[in-house]
Amino acid sequence: MPFEQHLPHFIAVSWFVLCWWGYTRYAIWKGGSTPCLASVLHLYREDWMRRLLMRDNRIADANVIGNLERNASFFASSTLIILAGILTVLGSTERAVSVLAELPFVQAVSREIAEVKIIAVAVVFIYSFFTFTWCMRQYNFAAMMVGAAPMLTEERVTEQERKSYAERTARVISMAANQFNFGLRSYYFGLATLAWFINPWFYMLATAGVVFVLYRREFHSDVLAVMVYSPVELGQSAKQQGG
């Protein structure tokens, strides 16, 4: 196949990588100065850990950590099933290409290009699997920290030590949650990669659509507005705290 026919695929893949990597960096940068789901939830986790240190019964807290870990485990298991299906399709590429060729708006490609597309989808979900399993491990670390948290009756533990422990535990939970978020993003971009089987230009459009959806949900969603809402203005709250 001449280079002119390969060029749209190179452009589409470059656009995909740029959007995924670029949005990830942008979200981290913008989240440092603008309320987003990740930053606001971290504040809630800090409140959670501070309240955890004020009670001796941590059974409910351990159950919450376990539920979060099970969510990551579910997606990790689902990713393995998806990968098994992708490898099955890779073993019968010619049949898959012939089926797709009968669909409207699908651009006919060679078997080699079709195999590259299938492998690209597999790579996205392999990344997803590693991300979700790392998320599971970090939730395990958080469970250990919850179990090792100082009891309320321990008089030798200073208030500063309790505050530092709560912040570190909340940070570990947030790191696990961020990995879970990265895994979910890979699912979004993996689904966008399926559009490549239609044609590269639709692939680029689907990728841009994923970025738009992610941005709206992380920075301008209704649930974010609810979580950051406070009936007391920040200036008034600061005055009350200052006495």
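The values are calculated or read from the model by the stated rules, or taken from the named source; none is laboratory data. Worth saying up front: this structure is predicted, and the values here are computed from it rather than measured. So basically every Cβ, Gly included, is an ideal-geometry build from the backbone, and we count neighbours across all protein chains shown. Remember, those area values only see protein heavy atoms, side chains included, never the ligands or the DNA or RNA. Shrake-Rupley method; radii C 1.70, N 1.55, O 1.52, S 1.80 Å.
Gaussian network model of the chain, Cα springs within a sub-10 Å range: biggest mean-square fluctuation belongs to which of Asp222, Asp47, Asp61?
Asp222
Using a 1.4 Å probe over the heavy atoms of the protein chains, calculate the carbon and sulfur portion of the accessible area of the chain as a whole percent.
66
Find the Rg to Rh ratio for the chain, where Rh is the Kirkwood radius over alpha-carbon pairs and Rg uses the same atoms.
Radius of gyration relative to Kirkwood radius: 1.10.
How large is ³J(HN,Hα), in whole Hz, for each residue of the range 51-56 in order, when computed from phi with the Karplus curve 6.51 cos²θ - 1.76 cosθ + 1.60 and θ = phi - 60°, using x for Gly and Pro?
Using θ = phi - 60°, the values come out as 6, 4, 6, 8, 9, 8 Hz.
Can you give me the solvent accessible area of Leu43 with a 1.4 Å probe, rounded to the nearest 10 Å²?
Leu43 has an accessible surface of roughly 100 Å² with all protein chains in place.
What percent do you get for the relative contact order of the chain when only Cα pairs under 8 Å and 6+ apart count?
About 32 percent, as a whole number.
I'd like the orientation of helix 200-219 relative to the chain: the angle between its Cα long axis and the longest Cα principal axis, in ° from 0 to 90, rounded to 10.
10
Suppose we keep just the alpha-carbon trace of the range 66-205; what are its Rg and Dmax in angstrom?
21.9, 74
Run the dipole for the chain about the Cα centre, Lys and Arg Cβ at +1, Asp and Glu Cβ at -1, nothing else charged, and hand back the magnitude in debye, nearest 20.
Computed about the Cα centre, the dipole is about 340 debye.
Sum up the charges of everything whose Cβ sits under 14 Å from the Cβ of Phe212, counting Lys and Arg as +1 and Asp and Glu as -1, but leave Phe212 out.
In short, +2.
Accessible area per residue of the chain at 1.4 Å probe, in Å²?
Accessible area per residue, the chain: 61 Å².
With each run of n ≥ 4 DSSP H residues scored as -39500 (n - 2.57), what mean residue ellipticity at 222 nm is computed for the chain after dividing by its residue count and rounding to the nearest 500 deg cm²/dmol?
Helix-only estimate at 222 nm: -27500 deg cm²/dmol.
Considering only the other residues whose Cβ falls under 14 Å of the Cβ of Gly22, what net charge follows from Lys and Arg at +1 and Asp and Glu at -1?
Result for the neighbourhood of Gly22: +3.
Can you sort Ile126, Ile173 by 1.4 Å-probe accessible area, starting with the largest?
Ile126, Ile173
Per-residue accessible area for Ser164 at 1.4 Å probe radius, Å² rounded to 10?
40
State the dimensionless ratio Rg/Rh of the range 1-88 (Rg: radius of gyration of Cα atoms; Rh: Kirkwood radius).
My calculation of the ratio gives 1.20.
Among Thr153, Thr24, Thr133, which one shows the biggest mean-square fluctuation in a GNM of the chain, springs joining Cα atoms closer than 10 Å?
Of the options given, Thr153 has the highest mean-square fluctuation.
Taking the chain as a Gaussian network, where each spring joins two C-alpha atoms under 10 Å apart, which residue of Val172, Val226, Val64 fluctuates the most?
Val226
Below 8 Å between Cα atoms, with a sequence gap of 6+, how large is the relative contact order for the range 98-230 in percent?
Once divided by the residue count of the range 98-230, the mean separation gives 33 percent.
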